[in-house]
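The values are calculated or read from the model by the stated rules, or taken from the named source; none is laboratory data. Every value quoted in this text rests on a predicted model; they were computed, and no experiment measured them. All Cβ positions, glycine included, derive from the backbone under ideal geometry; neighbour counts span all protein chains shown.
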């Protein structure tokens, strides 16, 4: 890289923070974009993106399919302003639950708290940034105090929340979202965490210690003797229960990483651990730049997932991987969905139904244990 | 890897060729797409694409900059229907010359000759395709006879053209384009080669033996004793002459490969071989998925090009690389340009000025030889 | 996508499982490989790998530097037989702690339990595999019952372990390793989890619910009312404490993903949350195929980490990223280290010092809270 | 990238050129490396590299297979010192002909002429390099005068060669190699171009105007009125003739790019243009970092080549793509071959048999024209 010259004349801090503020762009359902995706995106990854749009808009969202839809998010999408697409889809009931890296949720809080992240360049002098207290996420720049003040907000929230003892990440994020809604009026327009709380969409994090939210929870335990802790068991069981409750199941995977794995392990858990023959996903959409030939999970294909029972063997025509940066592909995808026929669904508000769904999972698992069927017999 | 199942039930030939015909989508200058690129593409590669659009629309096309603009094309863009974007830019005078792999020009002829290429899938059984006489370019499918008949057309053209002796590729392609315009009325709407001939845009190929056009020229020599041959010297000198004639210089590089190298070597040739201190490019836009860390030229950055004198050291702010499949990025880019303020320029019709420009190059090179200046003193 | 023909004649299950067993190859310190890395790997990624070897062997392992060394592992390395390199490095005291995806630890158990994984091909029919009960990890194949029996072992272990209540993943993995050492004599030769327990190397998992180990812990809670749960707070604090205890700090990052993030957030946690000015890493080695331009954390460079305080600004010469599949780069790297001068260190056995180190962290954090220093003043 | 700090303190020119000289490392056939490839490289790309080694050593080089073996080279391999592996394979008769980018041949001349290229870093200030007259190829650094003096040598050679009129690139490179052998005694040890001339291995370039050699030929024409020109027809026909002469055919493709295409089009030319049913390749080895999903030819797989008749449908088991930087993979591959059973073959010295082979091609093509068989009937 640098396609800009390293060693270019030094910038003062003001320069580094002179870019346009990043905002949460909201897709409007443009007919022109719909047409481009249908008629102009005909081959290669353009065609894959076009297929992904049609699988989502024509099949997953078709009312009679009643698809339980999970969105998984890895990569710095909220810093890049992609939260607006997620908010739009949640508000319209087009996704039912969310699995995200902690970093995306933490950085979403900056928007909720009215801090400003700015457009910048990846070709800057990081030693200079370090000295000037400017933080860089690839080409997104902001003052280090945004981190400090967001951390302070989290610690205050943890104190006033009364949370004590093991919780699911969905509970922690829901409580955080409610706190934001109360304190930052209207912030559901520019915060994924707040909008999710408002619209009842549960948010999970696969690596709960792996972000500043988790770091502050750990601080709270070490320094204040708090007993609040994330219980990953609850997350595993809630996601299994949600997937089990789906009439059809489908996912939209942005990036890959541990959120992808966390979503995709639900069906094997049902089958391999709980002995419940749920079957695999009916729809599978991924936008990624990772490659199958590197052998990692992020790049693994729907076909490989078939051997694990993660994807139904009969549905491969309804799976697609588009190799493209999500910052380009996802806004186009969201525009297409919003501009399509079934662009609103009744929201399931799963955040309020978690206990009920886990109870069903437990009941079915007990029945399966008491009346075991040999594996493979479905 | 197949994200569709290998080993799926066999398809008859008709099935393989049942996809929608691929057409030459023409950008219309959609304001919605303009807005998405300005306001929604804020970070990461989305921001790079947005920057590329603004560098092109606001700087390279600004009338007072009078930029000599080359477009280089590698990767199967005409099979994917991207020729429509190139035709639109040529018709509007927004690019001045073209360097392409031979394959893109050869496959463009299928459209000119009214053959049909179809949308398909990359997840098909190639042994089956081979047996059924279906040709595959990634996910574009068409009958093998399209190749045979296009080859027959080329051989007939070579025969009737009267071309004999060494020619530049620009001459061969221009003559081919004139032949198409005469025989396939209106084909400048759906053929890059024909449109280039009509609008006077010279087309070069860096690896002239490296496509079915070159293969048929070679056949013509071996079997008919023709003396027609491509003279790469003429290409090298014409491109140097065109670059030398630019007030400002800039390029749009799709993919990379030998067309990128062929374009970028013009300035070093002027400097290193002809001793003419032209300086490097003023603008540099690349859309690629190749990576700098693999060390190849396709992935090399504008910064590396500075050390070679290919890019002006002062202009790095006007260089950008967007990492994205051209099938996605280029239509968005073309829509933006067509929807911008300076969306028409007087066409330079360089194809008719090649002799004059090469004569100027020769004159300046002779002057430089007779009055040599030490290198580095500019 | 298949570079082997999809739709090739069907294979029986025996065929799919006819490849050579995968074993834990142990590096021997070959002088030939040392010489190739020094003299033959001179430019591009070969040179980066050569630099990585020298940074590790000549600097990180130099006795007077007393470097606290973390290894992070993402991607299916134990299925590919790379566990032997990790065992060798642990046995020699060349790494001090390990952060891994759960999947690598889970699949390591197959080896410990004497199941056989086999060499295969990625170009197989997954629907057929699914029907035959064969599991595929890219090109590694094994019967589904290996999963079932490994799960059964985990559940039995959980039952007999007596573990109840919140634990760190280091504790869970240590207990699992001790159980293996007792029941599978000699398995420390072919199991990372067992060898880590024997040599006192703590193993952390950043996404604890995100593997079959975590799935079975969740089952244990739902179905048996167990109170065993992973407490990510403990992991966060233990890793901070270990990093704080380092005289110098350095990491070897295989792949990237959440283990990379989990390691790298330790210094920012110390600085941003605990207000302890530890400073960043002194050495940073990464082997990955992810790219910085996609903007994800896996591909983020040491330079970007500087702006966050994750890497010391003065040490960039001791950081290197080698873009290469770990299955190729890591065995070469391990051969080099084993064949170098400082190829043994006294093992720290950190697994037994975790409480003491966390107590030190708490003490320093309390001191920092009581005598706060403004940020940036170090 | 920069994983080294941009903006680090300025380096003087001496610093930039203080790295170790790059030399042509010669593989010795190490048994340790052979063992690592057989036993330690068991899955993912390590396994692909291991397979590639066995296909080459056990099948392509097996005497009774009498395989006509082409090596294609793209990417800056001679600057990186990989020329030594190519020289070793040529000297042993293990490759029969070579297709290379012009840049690799041009930079090989620096070694032949005893100039020094040095190990460096990709993280340097290119504006500074430009000002100091230092040229950078990724992380290889050398003074600009190396270019000037190499160019001067080429121009002098062109003058004294007496070459006038159209020639194949194989002829130009052979004459250049003879000139080097005469003037630089012993340079066949450290020059691919010289060694090829000595051992009778023809070298082709697919894009003849696309390097400093081509630039100087063009200069020679424009300024001296020379009639020397590259005739791509001759190259196309010679390569077709060589492939036609193979009992079995196989290729080793480093990188991809136009050399890959130039090699692979030989069989379709025979079939589609000359109507000679030669069939496709029997063996296909590629080392690349390009990906099939980007749709370019460099990343296209052997399977896709089947539909074009470039690869024999029955041989897909003898095709392999290893995704790895050639600077790492190719030395390992060459060590394996040199350390194997059939590590010497009688050299074919094709450079002296080109006329005879083209005559055979012409004879067979005339027979095919006079007795046409319908396509597909073989």
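Anything in the range D:280-296 that is at the interface with chain C (Cβ under 9 Å from one of its Cβ atoms) and out of contact with any strand residue (DSSP E or B) (no Cβ under 8 Å at 6 or more places or on another chain)? List them, or say none.
Matches in the range D:280-296: D:292 only.
Do we have residue C:265 as modelled with pLDDT of 90 or more and either at the interface with another protein chain (Cβ under 9 Å from one of its Cβ atoms) or more than 25 Å from residue C:94 (Cα to Cα) (or both) here?
Yes, satisfied.
If you take the residues of the range C:201-239 that are under 15 Å from the mean Cα position of the chain (by Cα) and either without any contact (Cβ under 8 Å) to a residue 40 or more places away in the chain or more than 7 Å from every other protein chain (Cβ to nearest Cβ) (or both), which of them is surrounded by the fewest Cβ atoms within 10 Å (Cβ to Cβ)?
Of everything passing the filter in the range C:201-239, C:211 is surrounded by the fewest Cβ atoms within 10 Å (Cβ to Cβ).
What is the one condition in (1) at pLDDT 95 or above; (2) within 26 Å of residue A:138 (Cβ to Cβ) that residue A:289 does not satisfy?
(1)
State whether the residues of the range A:319-332 include one that is within 14 Å of chain B (Cβ to nearest Cβ), part of a loop (DSSP other than H, G, I, E, B), surrounded by fewer than 22 Cβ atoms within 10 Å (Cβ to Cβ) and in contact (Cβ under 8 Å) with a residue 12 or more places away in the chain.
no
Being touching a strand residue (DSSP E or B) at 6+ places or on another chain (Cβ under 9 Å), over 12 Å from residue B:16 (Cα atoms) and not in a helix (DSSP H, G or I) is the filter here, so list the residues in the range B:124-167 that pass it.
B:165, B:166, B:167, listed by residue number.
Quick check on my filter: what residues within the range B:18-74 are touching a strand residue (DSSP E or B) at 6+ places or on another chain (Cβ under 7 Å), at pLDDT 95 or above, under 30 Å from residue B:200 (Cβ atoms) and facing another protein chain (nearest Cβ under 8 Å)?
Within the range B:18-74, B:22, B:49 qualify.
Is one or more of the residues making up the range C:308-315 outside any strand (DSSP E or B) and touching a residue at least 60 places away in the same chain (Cβ under 8 Å)? Even if it seems obvious, please write down each step before you answer.
We begin by selecting, within the range C:308-315, every residue outside any strand (DSSP E or B); these are C:308-310, C:312-315.
The next check asks that each one be touching a residue at least 60 places away in the same chain (Cβ under 8 Å); those that pass are none.
No, there is no match, as no residue in the range C:308-315 is outside any strand (DSSP E or B) and touching a residue at least 60 places away in the same chain (Cβ under 8 Å).
Look through C:343, C:275 and report the one residue that is surrounded by fewer than 24 Cβ atoms within 10 Å (Cβ to Cβ), modelled with pLDDT of 95 or more and in contact with a helix residue (DSSP H, G or I) (Cβ under 9 Å, 6 or more places away or on another chain).
None of the other options fit; the residue is C:343.
Any idea how many residues of the range A:247-262 are within 10 Å of another protein chain (Cβ to nearest Cβ) and modelled with pLDDT of 95 or more?
Total meeting the criteria: 0.
Which condition number does residue C:79 fail, the rest of (1) in a helix (DSSP H, G or I); (2) within 14 Å of chain D (Cβ to nearest Cβ); (3) touching a helix residue (DSSP H, G or I) at 6+ places or on another chain (Cβ under 7 Å) being met?
Status for residue C:79: all satisfied but (1).
Facing chain A (nearest Cβ under 9 Å) and modelled with pLDDT of 95 or more - does that describe any residue in the range B:297-318?
Taking every residue of the range B:297-318 in turn, none turns out to be facing chain A (nearest Cβ under 9 Å) and modelled with pLDDT of 95 or more.
In the range C:50-76, what count of residues is obtained for those that are assigned to a loop (DSSP other than H, G, I, E, B) and closer than 29 Å to residue D:42 by Cβ? Don't jump to the end; show me each part of the working.
Taking the range C:50-76 as the starting set, the residues that turn out to be assigned to a loop (DSSP other than H, G, I, E, B) are C:61-62, C:66, C:74-76.
Then keep just the ones that are closer than 29 Å to residue D:42 by Cβ; that gives C:61, C:74-76.
Final tally of qualifying residues: 4.
Anything in the range C:104-133 that is closer than 30 Å to residue C:221 by Cα and within 14 Å of chain B (Cβ to nearest Cβ)? List them, or say none.
C:130
Considering only the range C:264-271, I want to know if a residue exists there that is under 30 Å from residue A:292 (Cα atoms) and either in contact with a helix residue (DSSP H, G or I) (Cβ under 9 Å, 6 or more places away or on another chain) or part of a helix (DSSP H, G or I) (or both). If you could, list the steps in order and put the result at the bottom.
Step one: of the range C:264-271, the residues under 30 Å from residue A:292 (Cα atoms) are C:264-265.
Pick out the ones that are also either in contact with a helix residue (DSSP H, G or I) (Cβ under 9 Å, 6 or more places away or on another chain) or part of a helix (DSSP H, G or I) (or both) and you get C:264-265.
Yes, the range C:264-271 has at least one match.
Please specify each residue of the range A:87-103 satisfying the condition of being more than 13 Å from every other protein chain (Cβ to nearest Cβ) and farther than 24 Å from residue A:217 by Cα.
A:87, A:89, A:90, A:91, A:92, A:93, A:94, A:95, A:96
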